[in-house]
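Single-structure report; data block below.
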Amino acid sequence: MIGSLDSNTPEGDIQGLWEQHKFDMKLVNPNNKRKFTVIVVGTGLAGASAAASMAELGYNVKAFTFHDSPRRAHSIAAQGGINAAKNYQNDGDSVYRLFYDTVKGGDYRSRESNVHRLAEVSVNIIDQATAQGVPFARDYGGLLDNRSFGGAQVSRTFYARGQTGQQLLLGAYSALMRQVDAGTVELHTRSEMLDLVTENDRAVGIITRDVLTGEITSHGAHAVVLATGGYGNVYYLSTNAMMCNATAAWRAHRKGALFANPCYTQIHPTCIPASDEFQSKLTLMSESLRNDGRIWVPKAFDDERPARDIPEGERDYYLERKYPAFGNLVPRDVASRNAKTVVDEGRGVGPLKNGVYLDFSDAIARDGEDTIRAKYGNLFQMYERITGEDPYKVPMRIYPATHYTMGGLWVDYHLMSNLPGLFVIGEANFSDHGANRLGASALMQGLADGYFVLPYTIGNFLADKLAEPVPDTAGVAFVEANQGVQQQIDHWLNVNGTKSVDYYHRELGKLVWNYIGMARNKNGLEKAISEITALEEEFRANVRVLGSADGLNQSLEKVQRVADFFELGRLMARDALTREESCGGHFREESQTEEGEALRDDDNYSHAAAWEWTGEGNEPIRHIEELQFDYVALTQRSYK
Amino acid sequence: MDQVISLTLKVWRQNGPDDAGAFQTYQAEGISQDASFLEMLDIVNERLIEEGTEPITFESDCREGICGTCGLMINGKAHGPELGTATCQLHMRKFNDGDHITIEPWRAVSFPVIKDLAVERTPLDLIIEAGGYISVPTGSAPDANLTPVPKEAADMAFDAAACIGCGACVAACPNSAAQLFTSAKLNHLNLLPQGQAERWQRAENMVETMEMYFGTCTNHGECHEACPKEISLDFIAFMNRDYVKAKIKNRKLAGQR
Ligand SMILES: Cc1cc2nc3c(=O)[nH]c(=O)nc-3n(C[C@H](O)[C@H](O)[C@H](O)COP(=O)(O)OP(=O)(O)OC[C@H]3O[C@@H](n4cnc5c(N)ncnc54)[C@H](O)[C@@H]3O)c2cc1C
Ligand code: SF4
């Protein structure tokens, strides 16, 4: 049983808190660092930056990824940009403003101390990345350029054409490879973590499977860091890369790590709608398109006419109509929910009636096609490649899709989970974004955690453990975990059912999307729990995994991830059910203002909910961490 | 809106690195032209599983043309017929009903086949490990705006940095040379002011590591044709120039030590 959840935030004024705490934390002397072995699972932005930085300090680092190269992590796909409170534009930005915006953007469901630290170190990230050679956009004077993003009132977003994620990851990956070359990081590619090993509730190592040979191996360490990304693929269709999954975090959860706020998921309003049942993933179209595109659907139900034949008076520019002040630029969750409403009403557009128009004809008439091409040319091209339609001539069709997960393993101020020795960074933890993440803040958080927070806090944990040897993988805990993984694999290969893993993943995704998607209610959430459970039983009895365990077997890899998604999906429903308020990405239909906006209940739900695993088939236990707001004033959002 | 088409696929199947491998023919009936090429393979795989046949192994991840994981030889062309397009971005509307499509893995000595269409591309990482970085330990960086970078230099470095590490250039090259990849990676850093301190050492180390694993460039230009990011052949010329200079400079530098 876990006691009350203490964030271990030090006392003091938030503005000097992290500086002071860096001084107060225990240090490991440079010569002693090499006596410690640290495992880092995941080599995306968070993991690569952490592994490189810790290795530079002198720790013995073992880094693991199931990809063939660290450069392939999902972080590579981020397009838009990364925030930092540099105030290079002299437009009034500051650490405090970034902190304030992030807490507010998260709908007052994040921990103030963590967010302030994030805003503080954001400036160092830009320095670090630039020095590594990350080619951020520059102006003609050769200085760094910024843009405003996601409704922020200042220009604080740094970007690198449409590939900010790739360029930042190449920076972190090159720093990591420098350490591999120096022999300070032992890099294990194509190695998938399938269990966390604990001894007396402390994390002591992991079990991995080599996906090429099938070999199962135990690895011991003084500390384990998970940087394994988010769980958006529980919805099956999402903007996440195909291999993103929750397995590492979920297996740690089953070993005792608390999973916090699983119901906080972000649905991005501007994605290309699915075209058929076999759609494998959804593609994000940058949010910046909403600056010039106008969103509309026909006023009439089941209007079959092509967009251009629908006269102006028969179109419903519903965002402009409902939110005259913000119009098409309302926040992500508001734009998404309104799109769902019109599509559910039967006013959706496109062959499957599953989208809304994003129309550039007015902008083209006003600014000329060349101006629009200069701004969005690459996005229009991407759209045309996927849909076969030319957005200069016919309006784009868009629809919301799952994009990011704010929930994740619970961590304290030191980014350590409730299990001593288990640290969680990047999208895999629950920390900084509350109930909604602002655009361009995930890259910032992953790199803040990896470069500038974890390398300090891990020292504080390790400092008094000098006498401890690297845990022996011949120990009982390792042997049992290793056998458990082996048994699971044998089990899946022997079900011999009739349907593919993808079939069940797709069906699960539909349940999660319908009941735990953009709008949730009690009835639906209760159904989600029972229907997920029923489908899971069928999956366990009837899935078909062909081939063997001793070589590359993609179905075998997937089946284990999908099994974990079933359990996680159920927990999301439970979490959403018990949070009887609307906040950020979590919209409970029972809790809305008269105008249909999300209505928070600060008296009863101003906390993070962290769930404890109590065994298969048992009800999980809900723990809470009370959130305290000493600096940011809680307000109700309004975009009218 | 779009048509449904049927295709005959000739797919390379190889059950592990040591298996000899052979082509197998599959009928892909009723494929929507809205599907991407990889979704077409997903559908074929789903049907194979139903029949009890092991699905075709191929790799992909982001399916947005940026992670560089996917890569197939489609009718003998790396990443298929469409210029500047990675396999995952290719859609079936580029094909016609009744087409025969041959699908093979990347063919290159340094990219051994793991299974079916999946290959191992580790030597690309080894080239980065050899010097594809700027040595700047975390925390030691000066303010980012301390060194202005002329826009032209920044833009050109970016053109090189756009490489997604897919290896199509190697697969397309008759000599399995990795000049386009290596030059993209090298020039990204060598063109920036930040990259100058290690410029010559980097050139020597990366080029020589490349030569340990890959073939010799004889200026065919097939690599550029196949490249989904349309990396310019000019970078290869820049790399050759830097390498020659590096040999001289590094010798001088060594003499000063
Ligand atoms: C299309 C898209 C666009 C985005 N654009 C932006 C943007 O413009 N700005 C922004 O701030 N954010 C953006 N985001 C969000 C952001 O990209 C991610 O939140 C962030 O990159 C996550 O980084 P990470 O390091 O935590 O995880 P990831 O990059 O997902 O890395 C996870 C790593 O863990 C490894 N791994 C996972 N499980 C295991 C296991 N069991 N065993 C071994 N290894 C494992 C993987 O191999 C990988 O190396 C975007 C997201 C998407 C989907
Ligand atoms: S140069 Fe082009 S083809 Fe070669 S690895 Fe880079 S992106 Fe791929």
Problem set entry | Complete set of residues in region B:144-169 that are more than 16 Å from ligand 1 (Cβ to nearest atom), within 19 Å of B:Pro123 (Cβ to Cβ), in a loop (DSSP other than H, G, I, E, B) and small (Gly, Ala, Ser) | B:Gly167
For this session: Taking the residues in region A:108-157 that are outside any loop (DSSP other than H, G, I, E, B) and among the small types (Gly, Ala, Ser) as candidates, determine which candidate is farthest from A:Ser49 (Cα to Cα).
Result: A:Ser113
For this session: Can you work out which of the residues in region A:166-219 that are basic (Lys, Arg) and within 22 Å of A:Gly475 (Cα to Cα) is nearest to ligand 1 (Cβ to nearest atom)?
Result: A:Arg209
Exercise. What is the one condition in (1) within 16 Å of ligand 1 (Cβ to nearest atom); (2) under 17 Å from A:Gln167 (Cα atoms); (3) at pLDDT 95 or above; (4) not acidic (Asp, Glu) that A:Gly133 does not satisfy?
Worked result: (1)
For this session: Considering each of A:Glu581, A:Glu590, A:Glu595 in turn, give the residue that is of a type in the set (Asp, Glu) and closer than 23 Å to A:Ser530 by Cβ.
Result: A:Glu590
Exercise. From the set of residues in region A:358-403 that are under 29 Å from B:Gln3 (Cβ atoms) and more than 32 Å from the chain's Cα centre (by Cα), which is farthest from the other protein chains (Cβ to nearest Cβ)?
Worked result: A:Ser361
Exercise. Any residue in region B:191-204 that is within 16 Å of ligand 2 (Cβ to nearest atom) and either over 18 Å from B:Lys245 (Cα atoms) or within 12 Å of another protein chain (Cβ to nearest Cβ) (or both)?
Worked result: yes
Seminar exercise, completed: Scanning region A:569-602 for residues that are in a helix (DSSP H, G or I) and buried (at least 24 other Cβ atoms within 10 Å of the Cβ) gives A:Gly569, A:Met572, A:Ala573, A:Asp575, A:Ala576
Seminar exercise, completed: B:Ala141 meets each of (1) without any contact (Cβ under 8 Å) to a residue 12 or more places away in the chain; (2) more than 14 Å from ligand 2 (Cβ to nearest atom); (3) out of contact with any Asp or Glu (no Cβ under 6 Å at 6 or more places or on another chain); (4) within 9 Å of another protein chain (Cβ to nearest Cβ) with one exception, condition (3)
For this session: Please go through region A:473-483 and pick out each residue that is more than 15 Å from A:Ile39 (Cβ to Cβ) and part of a loop (DSSP other than H, G, I, E, B).
Result: A:Ala474, A:Gly475
Problem set entry | Test result for A:Ile76, at pLDDT 95 or above, under 30 Å from A:Thr208 (Cα atoms) and not assigned by TED's automatic domain parsing to the domain that holds A:Cys583 | yes
For this session: Could you tell me whether any residue of region A:158-170 is at pLDDT 95 or above, assigned to a loop (DSSP other than H, G, I, E, B) and more than 17 Å from A:Ala448 (Cβ to Cβ)?
Result: no
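Per-residue answers, yes or no, for (1) touching a Leu at 6+ places or on another chain (Cβ under 9 Å); (2) within 9 Å of another protein chain (Cβ to nearest Cβ); (3) hydroxyl-bearing (Ser, Thr, Tyr):
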residue: A:Leu57; (1), (2), (3): no, yes, no
residue: A:Phe64; (1), (2), (3): yes, no, no
residue: A:Pro70; (1), (2), (3): yes, yes, no
residue: A:Gln89; (1), (2), (3): no, no, no
residue: A:Arg111; (1), (2), (3): yes, no, no
residue: A:Leu118; (1), (2), (3): yes, no, no
residue: A:Val121; (1), (2), (3): yes, no, no
residue: A:Ala129; (1), (2), (3): yes, yes, no
residue: A:Gln132; (1), (2), (3): yes, yes, no
For this session: Could you list, in sequence order, all residues of region A:186-216 that are touching a helix residue (DSSP H, G or I) at 6+ places or on another chain (Cβ under 8 Å) and among the basic types (Lys, Arg)?
Result: A:Arg209
Exercise. Taking into account only those residues within region A:151-163 that are crowded, with 20+ Cβ neighbours inside 10 Å and farther than 15 Å from A:Ala85 by Cα, which is farthest from ligand 2 (Cβ to nearest atom)?
Worked result: A:Ala160
Exercise. Looking at (1) touching a residue at least 60 places away in the same chain (Cβ under 8 Å); (2) within 30 Å of A:Arg544 (Cβ to Cβ), can you tell me which one A:Gly617 breaks?
Worked result: (1)
Problem set entry | Residues within region B:109-140 that are assigned to a loop (DSSP other than H, G, I, E, B) and either closer than 24 Å to B:Ala184 by Cα or touching a Lys or Arg at 6+ places or on another chain (Cβ under 6 Å) (or both), tallied | 15
Exercise. Yes or no: B:Ala157 of a type outside the set (Lys, Arg), within 16 Å of ligand 2 (Cβ to nearest atom), within 18 Å of A:Arg138 (Cβ to Cβ) and touching a His at 6+ places or on another chain (Cβ under 7 Å)?
Worked result: yes
Exercise. Can you name the helices (runs of 4 or more DSSP H) wholly within region A:302-368 that have at least 1 residues being over 20 Å from A:Asp390 (Cα atoms) and among the small types (Gly, Ala, Ser)?
Worked result: A:332-342
Exercise. Could we say that A:Lys35 is more than 24 Å from the chain's Cα centre (by Cα) and either hydroxyl-bearing (Ser, Thr, Tyr) or modelled with pLDDT of 95 or more (or both) here?
Worked result: yes
Exercise. Can you tell me which of A:Arg109, A:Arg72 is crowded, with 22+ Cβ neighbours inside 10 Å and within 16 Å of ligand 2 (Cβ to nearest atom)?
Worked result: A:Arg72
Exercise. Can you tell which of A:Ala257, A:Ala227 is within 15 Å of A:Trp410 (Cα to Cα), more than 12 Å from ligand 1 (Cβ to nearest atom) and outside the structural domain of A:Ala528 (by TED's automatic domain parsing)?
Worked result: A:Ala257
For this session: Would you please name the residue that is farthest from ligand 2 (Cβ to nearest atom), looking only at residues in region A:222-249 that are within 24 Å of A:Gly475 (Cα to Cα) and crowded, with 24+ Cβ neighbours inside 10 Å?
Result: A:His222
Problem set entry | All positions within region A:173-193 that are more than 8 Å from every other protein chain (Cβ to nearest Cβ) and not in a helix (DSSP H, G or I) | A:Gly183, A:Thr184, A:Val185, A:Glu186, A:Leu187, A:His188, A:Arg190, A:Ser191, A:Glu192, A:Met193
Seminar exercise, completed: Turns out the helices (runs of 4 or more DSSP H) fully within region B:174-257 with at least 3 residues that are within 18 Å of B:Gly132 (Cα to Cα) and not small (Gly, Ala, Ser) are B:179-190, B:199-213, B:234-256
Exercise. Yes or no: B:Ser60 more than 7 Å from chain A (Cβ to nearest Cβ) and part of a loop (DSSP other than H, G, I, E, B)?
Worked result: no
Exercise. Out of (1) assigned to a helix (DSSP H, G or I); (2) surrounded by 16 or more Cβ atoms within 10 Å (Cβ to Cβ), what's the single condition that is false for A:Ile295?
Worked result: (1)
Exercise. Looking only at region B:14-55, which residues are without any contact (Cβ under 8 Å) to a residue 40 or more places away in the chain, more than 8 Å from chain A (Cβ to nearest Cβ), outside any helix (DSSP H, G or I) and of a type outside the set (A, V, I, L, M, F, W, C)?
Worked result: B:Asp18, B:Asp19, B:Gln24, B:Thr25, B:Tyr26, B:Gln27, B:Glu29, B:Gly30
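The values are calculated or read from the model by the stated rules, or taken from the named source; none is laboratory data. Note that the structure is predicted; figures quoted are calculated from it, not measured. For neighbour counting, all protein chains shown are included, and Cβ atoms are generated from backbone atoms with ideal geometry for every residue, glycine included.
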